[in-house]
Amino acid sequence: MNKTINNRAWFLVLPVLLLVAMNAIIPLMTVVNYSLQESFIAGFWDWVGTRHYEEVLGSERFHGALIRQFIFTGIILVIEVPLGVAVALAMPKKGVWASVCLVLMALPLLIPWNVVGAIWNIFALPEIGLLGWGLNELGFDYNYTNQPLAAWFTVVLMDVWHWTSLVVLLAYAGLQSIDEAYYRAAKIDGASRWAVFRFIQLPKLRTVLIIAILLRFIDSFMIYTEPFVLTGGGPGNATTFLSIDLVKAAVGEFNLGIAAAMSIIYFLMTLLVCWLFFTLMNNDRERQS
Amino acid sequence: MAKITLDHIRHAYGPVSSPADYALKELDHVWTDGGAFALLGPSGCGKTTLLNIISGLITPSEGRVLFDDRDVTTLPPEARNIAQVFQFPVVYDTMTVRQNLAFPLKNRGIPKEQIDARVPRILDMLGLSTLADRRAESLTADLKQKISLGRGMVREDVSAILFDEPLTVIDPHLKWQLRAQLKTLHREFGHTMVYVTHDQTEALTFADKVVVMYDGEVVQVGTPQELFERPAHTFVGYFIGSPGMNVLPVTLDGATASLGGETIALPGGARAPAGTKTELGIRPEFVKLGAEGLAFNVTRVDDIGREKIVHGTLGGHPLAAILPEGAEVPAEPRAAFAPEGINIYADSWRVETGA
């Protein structure tokens, strides 16, 4: 086949290139720029090499935030994925109630994130919030504003409330795409309810669950707004996750070099995890075809 | 293994205000134990409805279904002790081929020694032995459908095995092979088998008895030969055979039928009820082109290798004839009808000819 060489074709790529440059490459390079220099006074730039990175990677504070971040993401994945699948399995397959359930499930996803934080902030207040007051009336000593454990409990509960729906919707879509013949065949083969789940539904949900875990991982890994509004990262540093720590460094302390280095490390971690999942998914697809 | 009795079955999906609302019109048949039956008909003729009634997915609006002498009309599929193979391969992806076949047995608590004896036998018959420990997921659609077939055959005690167009996804050259294997398995194990298809070749090669359905009605139950020689309904004549039976409007007059101005001798007299539409059916195989018979205008000749199919008109009506290998179309052909190939129809249903 003859290829026509026409370099003007590159102009067609230009709009996309500009867009990507504006919202990805230029901001990212700016951050890289900050992370490698000291910009103490406006207009004054001093090359410091990897010093910011060494500082961040060696700091107790960053370790703390990172560990908290992984624990948080781990907990919500362990809760939200099985819970989401369970709810999806329990939802009606068709009819009016299926639509009602879908709308109900979509509701938490439609609420702006800072509003979610505000709702739970008030809901969990020990004196006036239904949850906080209720727990205390039931005899639990609960006050998320000064008990780290209570703060964690509230943040996790809020995230589960907010995001389990996403897993439900994905799993529900995955379940809907399973052909009726599989269920009929399983019935005829005398399969138990558990066997149907284990040998039909779970294998068919595999791809969709990988996507759900990936999305929930990325989203929870950069969680900021809701815990910021709910606890502000406290009490102390108890619920200071990576993003909150990052904003504290950048905006609170105006430590731009350190914050930029944190951003890059943070970015590379997310990238690594995404790549892992992507590879996993591709292998999966290859195996299926 | 069981005899299947369909006792005055009728089914409508919605409310019934006229007989035309029945998706499946009344039928009353007994299907013998160990027989191989094919339900043959075009899409929408009710064959899947009938299969679902037998499998228990649908409870018929009227009538009863009996397996041997047990009334199973209202029982769900899992309580009927049947096996079914679907149009598309249904396999348990995460299991190996062997585990797939053992699954229906395991679920029923069959002892391990029996499973270990039965499964390799089926694997062997289907030619899957070398793949026994492969994961089912990694196999092609053909092989997956073989697994589905195997899961259908694996239980020895089933009342019937139902096949819902199981060879749709299979490559043509493998269809012959699988059909032959099914036939072998049927002979070997003697299960009652019901096979739904719209492919006449599949139906005719698989079944001892073919049930031809048309517009929600069973129009004929018969052996392949009966369907070919004595189609009970013009639809059977048209649907089975390639090309199908020629159907010409005629008026009957005792021992002759007349078409346009010409007369055709009938083998014995035929009498149709007054006021019915009478037709003459003759398969292309029984139309002889030569110097005798009725004037025939040739419009097209299809050479299909072993024989030629001659299309033309006779008194304004389309007619097809088959010329044997090597024969040429005569210069001024006339069409003669072999008496043994003539069937007479009144309002599309066959009437007996003869004295």
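Here is how the numbers come out for the structure above:
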quantity	calculated
Residue tally, condition surrounded by 14 or more Cβ atoms within 10 Å (Cβ to Cβ) and of a type outside the set (Lys, Arg), over segment B:328-338	5
Per-region count, segment B:68-81, residues in a loop (DSSP other than H, G, I, E, B) and either more than 9 Å from every other protein chain (Cβ to nearest Cβ) or buried (at least 19 other Cβ atoms within 10 Å of the Cβ) (or both)	8
All positions within segment B:107-150 that are within 11 Å of another protein chain (Cβ to nearest Cβ), within 22 Å of B:ASN81 (Cα to Cα), buried (at least 21 other Cβ atoms within 10 Å of the Cβ) and modelled with pLDDT under 90	none
Residue satisfying all of: in segment A:35-69; among the aromatic types (Phe, Trp, Tyr) and at pLDDT 85 or above; surrounded by the most Cβ atoms within 10 Å (Cβ to Cβ) among these	A:PHE62
Residues located in segment B:297-320, provided they are of a type in the set (Gly, Ala, Ser) and either within 27 Å of the chain's Cα centre (by Cα) or surrounded by fewer than 17 Cβ atoms within 10 Å (Cβ to Cβ) (or both)	B:GLY305, B:GLY316, B:ALA320
Strands (runs of 3 or more DSSP E) completely within segment B:218-296 that count 2 or more residues being under 31 Å from the mean Cα position of the chain (by Cα)	B:246-249, B:278-282, B:287-290
Unique match (being of a type outside the set (A, V, I, L, M), surrounded by fewer than 24 Cβ atoms within 10 Å (Cβ to Cβ) and touching a Leu at 6+ places or on another chain (Cβ under 7 Å)) among B:PRO243, B:PRO166, B:PRO224, B:PRO172	B:PRO224
Unique match (being within 19 Å of A:GLY117 (Cα to Cα) and surrounded by fewer than 21 Cβ atoms within 10 Å (Cβ to Cβ)) among A:ALA250, A:ALA238	A:ALA238
Evaluation of A:ILE5 against (1) surrounded by 11 or more Cβ atoms within 10 Å (Cβ to Cβ); (2) in a loop (DSSP other than H, G, I, E, B) (one fails), failing number	(1)
Among (1) more than 10 Å from chain B (Cβ to nearest Cβ); (2) at pLDDT below 90, the one test that A:ALA173 misses	(2)
Residue in segment B:88-100 that is modelled with pLDDT of 85 or more, part of a helix (DSSP H, G or I) and within 11 Å of chain A (Cβ to nearest Cβ) present	yes
Single unsatisfied condition, B:GLN84 versus (1) facing another protein chain (nearest Cβ under 7 Å); (2) closer than 19 Å to B:GLU188 by Cβ	(2)
From the options A:PHE228, A:PHE241, residue that is of a type in the set (Phe, Trp, Tyr), over 14 Å from the mean Cα position of the chain (by Cα) and more than 14 Å from every other protein chain (Cβ to nearest Cβ)	A:PHE228
Residue count for segment B:38-60, restricted to those that are buried (at least 16 other Cβ atoms within 10 Å of the Cβ) and either in a loop (DSSP other than H, G, I, E, B) or free of Cβ contacts under 8 Å to residues at least 24 places away in the same chain (or both)	8
Residue among A:ILE188, A:ILE200 that alone is at the interface with chain B (Cβ under 8 Å from one of its Cβ atoms), buried (at least 18 other Cβ atoms within 10 Å of the Cβ) and touching a Phe, Trp or Tyr at 6+ places or on another chain (Cβ under 8 Å)	A:ILE200
Members of segment B:15-37 found to be assigned to a loop (DSSP other than H, G, I, E, B) and either outside the structural domain of B:VAL219 (by TED's automatic domain parsing) or of a type in the set (Phe, Trp, Tyr) (or both), listed by number	B:TYR22
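Residues are listed down the side, and each one gets a yes or a no for (1) in contact with a strand residue (DSSP E or B) (Cβ under 6 Å, 6 or more places away or on another chain); (2) within 12 Å of another protein chain (Cβ to nearest Cβ); (3) surrounded by fewer than 22 Cβ atoms within 10 Å (Cβ to Cβ):
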{"residue": "A:GLY129", "(1), (2), (3)": "no, no, yes"}
{"residue": "A:ASN146", "(1), (2), (3)": "no, no, yes"}
{"residue": "A:PHE153", "(1), (2), (3)": "no, no, yes"}
{"residue": "A:VAL156", "(1), (2), (3)": "no, no, yes"}
{"residue": "A:HIS162", "(1), (2), (3)": "no, no, no"}
{"residue": "A:VAL167", "(1), (2), (3)": "no, no, no"}
{"residue": "A:SER177", "(1), (2), (3)": "no, no, yes"}
{"residue": "A:TYR183", "(1), (2), (3)": "no, yes, yes"}
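The values are calculated or read from the model by the stated rules, or taken from the named source; none is laboratory data. For clarity, every value in this text was computed on a predicted model and none was experimentally measured. Positions of Cβ are backbone-derived with ideal geometry, glycine not excepted, and every protein chain shown enters the neighbour counts.
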